[in-house]
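Trainee: First the structure, which I've put down as structure tokens, then a few questions once you've had a look.
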Amino acid sequence: MRRRDERQALVFWGEDQCKTQLSYAELYAAVSRLAQALRAQGVGVGDRVAGMMPNMPATLVAMLASSAIGAIWSSCSPDFGVDGALDRFGQVEPKVWFVPDGYWYNGKKIDIASKVSAIAAGLPTVSRIITVPYIHDGTLAGFSDERAQNWDDFLAPYPAGEIEFVRLPFNHPLYILFSSGSTGKPKCIVHGAGG
């Protein structure tokens, strides 16, 4: 986040279906806007932010914005089943949850609206569900939840500006990831800012 020039920071190519490039300046601006939006949503130091997202630019922006304000990031792939996602995010108790409007697999659009509905019902700590455009415009067809808001609408009130990075101790958690233990149940791995 130190660089803010027009050099290429990120090249994304999702299954021959979606291509995006971001300069360092564009990446910084996106992180700035999302950090402001998360703060306005009441997210702060130690709060958890989760994403059930594919590897795409918005996922990176969400992780960087979360860490900039001292929140703790956790994620899983959108191909996780309801139980797998709830096993993880139920432990994490996120305040904000990012989901795509679907994802690509083997050249096909995969709809996840019913899965998102079932997972959202099991996440009472989530105050805002942000739907991210990937295969459509950010709308999950058939998904209705009063906590849901489209990515563009969530960011709209916030112009890019200086990011107010929160300074935290070396051992403050940065992200929570999971691996399967010998029982097949998710095992929580917490990493601090120092590694």
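The values are calculated or read from the model by the stated rules, or taken from the named source; none is laboratory data. No experiment lies behind these values; they were computed from the predicted model shown. Glycine gets a Cβ as well: all are built from the backbone with ideal geometry, and neighbour counts include every protein chain shown. Surface accessibility is based on the protein's heavy atoms, side chains included, excluding ligands, DNA and RNA. Shrake-Rupley method; radii C 1.70, N 1.55, O 1.52, S 1.80 Å.
Trainee: What's the FRET efficiency of GLN91 with VAL45 using the Cβ-Cβ distance as r and R₀ = 30 Å, to the nearest 0.05?
Mentor: Given R0 = 30 Å and the Cβ-Cβ separation, E is 0.95.
Trainee: Ignoring the sites themselves, what is the longest stretch of the chain with no chymotrypsin sites (Phe, Trp or Tyr not before Pro) in a DSSP loop and at most 13 other beta-carbon atoms within 10 Å? Mind showing how you got there, number by number?
Mentor: Working: sites that count: PHE165, PHE170.
After excluding every exposed loop site, the longest remaining stretch is 1-164.
Trainee: Would you tell me the accessible area of ASP145, worked out with a 1.4 angstrom probe on the heavy atoms of the protein chains, in Å² to the nearest 10?
Mentor: Surface open to solvent at ASP145 totals about 40 Å².
Trainee: Now for a separate question. Taking Cα pairs under 8 Å and at least six residues apart, what relative contact order does the chain come out at, in percent?
Mentor: On the way: 367 pairs, mean separation 38.7, N = 195.
Here the relative contact order equals 20 percent.
Trainee: Taking each pair of distinct Cα atoms in the stretch 1-106 once, what is the resulting Kirkwood hydrodynamic radius in Å?
Mentor: Final number for the Kirkwood radius of the stretch 1-106 is 14.6 Å.
Trainee: Check the chain and count each lysine pair with an alpha-carbon distance under 27 angstrom, considering only pairs eight or more places apart or from different chains. Intermediate values should be presented prior to the final figure.
Mentor: Working: LYS19/LYS108; LYS19/LYS109; LYS19/LYS115; LYS95/LYS115; LYS95/LYS185; LYS95/LYS187; LYS115/LYS185; LYS115/LYS187.
Final tally of qualifying lysine pairs is 8.
Trainee: Return P(r) of the chain (all Cα-Cα pairs; 10 Å bins starting at 0; whole %; ordered from short to long distances).
Mentor: It works out to 9, 36, 39, 16, 1, in whole percents.
Trainee: A further question follows. In nm², what is the average projected area of the convex hull enclosing the Cα atoms of the stretch 108-155?
Mentor: Values: hull surface 13.8 nm².
Computed as one quarter of the Cα hull surface, the answer is 3.5 nm².
Trainee: Output the antiparallel fraction of DSSP beta bridges having both residues in the chain, as a percent to the nearest 5.
Mentor: Numbers: 16 of 34 bridges.
Expressed as a percentage, antiparallel bridges in the chain total about 45.
Trainee: What helices does the chain have that are whole DSSP H segments, at least 18 Å long along their own axis by Cα, and with mean Kyte-Doolittle hydropathy of -1.0 or more? Display every interim value, and only then the final one.
Mentor: Numbers: long enough: 24-40 (24 Å, 0.41).
The answer, listed by residue number, is 24-40.
Trainee: Got a sec? What order do MET1, MET53, MET63 fall in by accessible area at 1.4 Å, biggest, i.e. largest, first? Before the final figure, lay out each step's value.
Mentor: Values: MET1 75, MET53 10, MET63 50 Å².
Sorted by accessible area, descending: MET1, MET63, MET53.
Trainee: I'd like the distance between the alpha-carbon centres of the stretch 44-79 and the stretch 140-162, rounded to an integer number of Å.
Mentor: Comparing the Cα centres of the stretch 44-79 and the stretch 140-162, I get a distance of 15 Å.
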